[in-house]
Structures are given as C-alpha cells and as structure tokens.
Amino acid sequence: SANTPTAEFITNPKWQFPEASAERNLKEAIGQDCEFIDARALAVQLLGDAIYTNPLMLGYVWQKGWVPLSHESLVRAIELNDVMVEKNLAAFEWGRAIAERGPAAVAPELKGSKAENTGMPEAAAQVIAMPETLAALIERNAQMLTAYQNAAYAKRYVDAVKSIQTSKKSISDGQAQELARAIAQNLAKLMAYKDEYEVARLYADPAFTEKLCAQFEGEPGKDYRLKFYLAPPLLAKKDDKGHLIKKQYGPWMMHAFRLLAKFKGLRGTALDVFGKTAERRQERQLVDDYLALVRELAQSVNAHNIEPAIDLAKLPDDIRGFGHIKDANLAAAQKRREMLLRRYRGEAELSRVA
C-alpha cells in the first residue's frame, strides 16, 4: 500500500496520489479478499532495503494460496537468479510469516536487528491522519522560518497571516479559512527560498547525517563517500543555452556547508555576496510582492472577489523547480497573476458601486 508516483507526476507537478480512490476501487473489484500491507516499509524494516519488496510480496501472496506454484519451485527460481540469494530468500520467508501472523506479530522475532530499536513501521497498521489545523500550520512554518533566518523573519510571516485573519471581510468562515490557509502555505514557501545559505544549513543539519546512517551501513567518509552536484551561480559555468552546469564536489563540501550555514544572517544584507545575483533579487521581490498582495486582500476582499483572491494566494504553488525551469514557471505565473489581479480589482470595484 506504499504510494509510488506514476509518470503522470512528471507532466503534472500538482498530481497527488489517489490513495483513497485507489483502495476503494480495488475493494469494489476484488471484494472481501482484498488486503493491504505496506510491503515496502516492511522490507526496509526487516531487511534494510526497499529492493526486497517484491520477494516479500511474493512470499505473502504464496502463503495466501494465490500463486499456483510449489514452494520448491519458487525457492529454486530465486537461487537460479543468483542475485542476493540469501536476502531474497529471507524476504520471501518474511512475506510468508507476515501473511500467516500479520505484520505486528513478527516484531518479537527481530532480536538484534534495527527493527527492534525502531519498532514495526507505522504503515503496518492503518493510521488515520487528522488534517493539520491552520494554527498548527502557522506555528510549524514560523519555527521553520526561525531556523531558516531568525525570529524576526518568522514574526514578519506570522504578522502577515494574522492580518488576513483579523481583517473585516464579508465572506463566509469557510472562505476566510481557505484564504488564510493558502496565504500561510504560500508565503512560507516564498520566504524560505532555497539559496546557498539554506542549502548549506540543510546539509549541515545533523538530521541529514542521521538519515544517511539510518539508510546505509557504515559511516560517511569511511565506508562510503558523499558526492554533491551543485551549480553555484557565482562559480558555475553555463552551457550554450545559458543554463548553469552542475559540477561534482567531494565530501569536503560538508565542512564548507557547516561554515556557510553560520553566515545565514548576511542574507539580504549589503554583505550578502550571493544575494546580488538576478535570481536572488527576484526571489526577494516575489516575497515583497506577495506581502503587498496580502495587504491588499486584507483591505478589499469580499464575497464578490473571494474566488480570484484565493487563486492569487495560491499562485506561488505554480512557481516550481530551479534555474531555467523555475524561470519558465514564473513567467507563466506572472501572466496569470496579472489576469487574476484585473479580475479581483474589477469585482472589488463593482462591489463598491453596488
């Protein structure tokens, strides 16, 4: 039941995995015999790698009696394939055990494994996630922006969102909630643009190394090497189309990241050497423009123009990617912004006349 993106995600960045409808359709087609397990999470938990998902699933469905082949035939096929035979056989047998006793029942048998320390994956049980409240969203983004820059920067974000929440509007509570949530999400996205300081901070964060150690055996620098493919605007060469060319950097970049992350306070100041590029100036301008939009919406949004107001608030979500890809998406978003602003202001004027 793990969600795996399809090719649709490549052509449609807003594509969302239709988990609920997919499960519903399967249940309707198969009936009561339909079962869901997160085989990928179980493979990672039990065997350390998602690559063993398929043999684990094979063991599961064989134990259920859904594969008309003998146990000996399947074991022999795995042996003849001659690829990670021991691990694939173990995955097959784990799948059988899960089918027989359920995902949670295998946990006591995991003595000495990573699974004993972390427990069975959450996906082994059906968890109903409650939607995040607006207050929780604002608080989470404020914490993120504090780490990104500082508390004053986060306060600027919180004040802007509160201005739309406290303004007097002749719109329904549901519309007001949708508008405020759109602003809370998209303003945070614009304010936390991925510049050199932020990239450095994320790599320097101990959580990055912890994730590496949890996913791979050994230690970085000893048992495996880290390589980074970067295109710093001040250093990278350009191709014949003017696009920056990424270059490989070695493990020493981790030291550079830790050092650079300490200078995030220079962001946006006269001493910010990275902030003088056209791309960084553009990103700061997007933040200023959006804050100006929020002020305008707080003053004039009403029941007549709430629809274009919400569309305007959500517009930054269309600005995706990096480099020339982001430039193309931004150009399209700017055109749509002009159209939506004309519509918003026109309907605001009509409401005043009425």
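Worth pointing out:
- Cα lying deepest toward the dipole's positive end in segment 263-328, options Y290, L271, H304, charges on Cβ: L271
- Phi-derived couplings, Karplus 6.51 cos²θ - 1.76 cosθ + 1.60 at θ = phi - 60°, listed residue by residue for segment 212-219: 4, 5, 6, 8, 10, 6, x, 10 Hz, with x used for Gly and Pro.
- Distant-in-sequence amide H partners of N302 (H built 1.01 Å from N, under 5 Å): none
- Looking at segment 236-322, the chymotrypsin sites (Phe, Trp or Tyr not before Pro) that sit in a DSSP loop and have at most 15 other Cβ atoms within 10 Å of their own Cβ are W252, F263, F322.
- Site pair L259 and Q334 shows an inter-label distance of 3.6 nm when each label is modelled 7 Å from Cα along Cα→Cβ.
- The orientation-averaged projected area of the convex hull spanned by the Cα atoms of segment 196-266 comes to 5.7 nm².
- Between Y224 and E219, the built amide H atoms are under 5 Å apart, and every one of these is 5 or more places off in sequence or on another chain.
- For segment 319-325, putting each phi into the Karplus relation 6.51 cos²θ - 1.76 cosθ + 1.60 with θ = phi - 60° gives couplings of 8, 10, x, 9, x, 5, 5 Hz, in residue order, rounded to whole numbers and with x for Gly and Pro.
Coordinate-derived values only; no laboratory data. Treat the numbers as computed from the prediction; the structure is a model and nothing was measured. Heads up, the Cβs are rebuilt from the backbone with ideal geometry, glycines too, and the neighbour counts pull from every protein chain shown.
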